[in-house]
Amino acid sequence: MPPSAGDMVLVRKLDYATGHVLISWPGTLVELTDERAVVRAPFASLSGNPVFVDGVPFSVGDVFTEFHYFSRWYNVFHVADAAGQRKGWYCNVTKPASIDESGISFVDLALDLFAHPDGRYTVLDEDEFATASGEVYAPGDVTRARESIDQLVELAREGRLPAPDDAG
């Protein structure tokens, strides 16, 4: 039986080749529909130090509102500081997410996008994606990943990336 809104869940990022968990973190399920699961999770740094993405510090106390889609090849993490001030969106190109009684899983495809609140954005990890495209990823998955980064860029350009108010 899948979890319900308000339940604690474990979010798992899986390795493409092996399916093994690369990293996992706890969060609270905010919304679950046939289309998506929305999770709120505090940012945690193994070192306790900020992690910088495209010049933006992700710090302990930041809140990620994560939009995991069951039929889209990406997820979107809205990032805000502890006071609710928007820092931006971190978007992962992934295979569609899955959910079960223990939580949410997604297979990462290396290609990412960071969108700033002012509309600027940067595509990240293109070199890593290019290497995996030639060595690891199936051709159909490479095509879907490229289509997905294009969709994310379009959402960022149009200011249509999801925010916490878009969730139940």
- Query: So, with +1 on the Cβ of K and R and -1 on the Cβ of D and E, and no other charges, what is the size of the charge dipole of the chain about its Cα centre, to the nearest 20 debye?
  - Reply: 200 debye
- Message: Taking the beta-carbon count within 10 Å as an exposure proxy, list 149, 23, 104, 99 from fewest neighbours to most.
- Response: 23, 99, 149, 104
- Item | Rounded to 5, the percent of DSSP beta bridges in the chain classed as antiparallel | 90 percent
- Which value in Å is the Kirkwood Rh of the chain over different Cα pairs? 16.2 Å
- Sorted by Cβ density within 10 Å, fewest first, the residues 12, 160, 86: 160, 86, 12
- Item | Relative contact order (%) - criterion: Cα under 8 Å, at least six apart; region: segment 8-166 | 18 percent
- Message: Between residue 23 and residue 163, what is 0.36 nm times their sequence separation minus the Cα-Cα distance? Round to one decimal in nm.
- Response: 48.0 nm
- Within the set 108, 125, 62, GNM on the chain using Cα springs under 10 Å gives the largest fluctuation to 125
- Message: Please rank 137, 74, fewest neighbouring Cβ atoms within 10 Å first, as an exposure proxy.
- Response: 137, 74
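Read the figures in this text as sums done on the coordinates, not as results from a lab. Source: prediction; values computed, not measured. Virtual Cβ from ideal backbone geometry, glycine too; neighbours counted across all protein chains shown.
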